[in-house]
1. Is at least one residue of region B:132-144 out of contact with any helix residue (DSSP H, G or I) (no Cβ under 8 Å at 6 or more places or on another chain), closer than 16 Å to residue B:227 by Cα and in the same structural domain as residue B:203 (by TED's automatic domain parsing)?
2. Does residue B:64 satisfy the criteria of being at pLDDT below 85, at negative phi, in contact with a helix residue (DSSP H, G or I) (Cβ under 8 Å, 6 or more places away or on another chain) and outside the structural domain of residue B:447 (by TED's automatic domain parsing)?
3. Limited to region B:483-498, what total is found for residues that are in contact (Cβ under 8 Å) with a residue 60 or more places away in the chain and out of contact with any strand residue (DSSP E or B) (no Cβ under 6 Å at 6 or more places or on another chain)?
4. If the requirement is being over 30 Å from residue B:25 (Cα atoms), crowded, with 18+ Cβ neighbours inside 10 Å and within 12 Å of another protein chain (Cβ to nearest Cβ), which of these qualifies: B:112, B:137, B:162, B:130?
5. Could you check region B:176-215 and list, in sequence order, the residues that are surrounded by fewer than 24 Cβ atoms within 10 Å (Cβ to Cβ) and away from every other protein chain (no Cβ under 14 Å)?
6. Could you say whether any residue in region B:221-229 is touching a strand residue (DSSP E or B) at 6+ places or on another chain (Cβ under 7 Å), farther than 21 Å from residue B:397 by Cα and in the same structural domain as residue B:283 (by TED's automatic domain parsing)?
7. Hey, residue A:32 hits all of (1) modelled with pLDDT of 90 or more; (2) more than 7 Å from every other protein chain (Cβ to nearest Cβ) but one; which does it fall short on?
């Protein structure tokens with residue numbers, strides 16, 4: 001565990017951004033690699049249904 | 001003047017993008033105002049209150065996955081936007097945004113970049129835990145900005161993270177510094193020997209900015225979300241963060257900054273810090289010093305900065321030491337021009353920790369106040385939209401940010417509240433925070449200064465004087481510029497203090513004087 005967490009603090013992170021795009025833009029502007037997800041609400045917006053589907057798949 | 005709404009079905013955009021799109025539409029010739037919001041019941045209720053949507057079936061049936069544009073302006077301009085709203089909603093690719101088509105899911109993103117190590121999640125609260133869980137299961141640490149995530153979901157995520165050797169920072173986590181990168185609302189601070197774990201987003205920002213302004217720097221800053229130190233969560237992220245900072249070769253001092261924890265969790269954190277192999281600083285805003293703890297204890301962020309710098313062997317900067325007598329004299333001078341009946345201090349904050357710290361500073365003098373997020377011993381505002389006596393309002397609280405950007409990004413709600421306080425003849429002092437940073441408003445001072453000037457003018461016309469005190473959280477390396485923001489506030493007659501704690505101490509002295517006068 002400490003090794004994984006140590007890696008988080010010591011290594012240069014690569015980010016995936018799910019949500020507000022400004023967060024990705026500011027990290028990119030600072031020279032970090034970021035993959036932006038074009039997110040939209042799952043399963044027609046029903047959060048509980050989406051979790052049930054996750055469990056089925 | 002025409003008004004109408006346009007509903008676009010199944011169109012999701014984040015709230016920051018929508019704020020920017022609405023501003024572009026409102027700036028079009030002929031337009032007077034525009035808003036772009038998801039059709040949540042709360043958003044529709046606000047629009048109805050403004051007179052939109054009466055008899056419009058599409059509007060009445062709009063849901064949280066539908067986009068609602070509310071347009072006001074000359075008939076031709078409104079009709080033109082309504083007829084073709086798409087150009088106003090086109091996204092421009094961000095700097096270095098890469099391939100044109102973005103992945104539609106976390107899994108797809110990780111196929112493209114299997115080396116991703118941290119997921120930032122800021123989708124609406126009801127969907128956030130699902131995305132965070134997917135990230136953990138893919139072996140990623142999670143920075144969970146979303147608020148309105150249920151506490152049982154938070155606990156499940158943090159237990160899963162612990163089992164996997166990963167960190168969940170949040171929910172409602174505003175800021176972190178990881179591997180040199182500033183996440184969320186982070187300020188531009190240099191790297192250095194001081195590590196911090198904070199259950200307090202603006203607390204981390206203020207701490208990191210003051211350490212930077214003192215000439216030192218931050219090794220890592222781990223946000224935990226405000227509930228982490230409740231006994232329900234048990235400090236899972238805080239304790240993992242302390243482990244990580246203790247093992248981190250770049251960290252010489254380990255700081256923990258939070259509101260008072262649950263009793264069992266307080267004992268666990270204290271015990272962990274006592275056996276920390278590095279000097280430790282514990283800052284619990286508004287808590288009493290634990291007896292015989294063997295840990296450096298701080299009651300304000302300023303004290304925590306002082307302790308951490310001392311432990312790192314860095315000289316103490318002059319700006320941390322405000323002379324109480326000078327604060328008292330300055331408060332007395334400001335209050336000389338008050339009209340009868342001006343009695344109260346009203347703090348309007350974009351930063352929750354700064355709001356909480358201000359209450360702690362008031363409590364030091366035994367003063368009572370109300371707040372929407374009260375310190376133990378302070379009263380809870382019966383109506384968060386309406387102040388009472390001395391009041392401190394955190395406008396970034398979950399209630400205020402549901403479906404809209406945080407007040408550090410969008411000053412609309414705080415402007416409205418400032419106008420409301422300015423109209424109240426009982427208000428003697430306004431206390432404001434201005435928070436800079438990568439994602440914050442480009443001009444936090446400019447967003448409020450005309451409203452400040454109008455409130456002061458209203459007080460003057462009543463024969464009184466409105467004192468406005470403030471602090472600016474940030475550094476000279478932030479895009480907004482600490483000096484430029486401070487200078488703009490100075491020019492407007494705002495009393496700007498070096499830190500949030502000092503601005504609150506000034507207001508505390510003013511409140512003591514107001515009480516003595518029995519006005």
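1. The answer is yes; a qualifying residue exists.
2. On the way: at pLDDT below 85: yes; at negative phi: yes; in contact with a helix residue (DSSP H, G or I) (Cβ under 8 Å, 6 or more places away or on another chain): yes; outside the structural domain of residue B:447 (by TED's automatic domain parsing): yes.
When the stated conditions are applied, residue B:64 passes them.
3. 1
4. B:130
5. Selection gives B:213, B:214, B:215.
6. yes
7. Unmet condition: (2).
Residue by residue, here is whether (1) farther than 18 Å from residue B:418 by Cα; (2) at pLDDT 95 or above holds:
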{"residue": "B:313", "(1), (2)": "yes, yes"}
{"residue": "B:319", "(1), (2)": "yes, yes"}
{"residue": "B:336", "(1), (2)": "yes, no"}
{"residue": "B:345", "(1), (2)": "no, yes"}
{"residue": "B:357", "(1), (2)": "yes, yes"}
{"residue": "B:372", "(1), (2)": "no, yes"}
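The values are calculated or read from the model by the stated rules, or taken from the named source; none is laboratory data. These numbers come from a predicted model, not from an experiment. Heads up, the Cβs are rebuilt from the backbone with ideal geometry, glycines too, and the neighbour counts pull from every protein chain shown.
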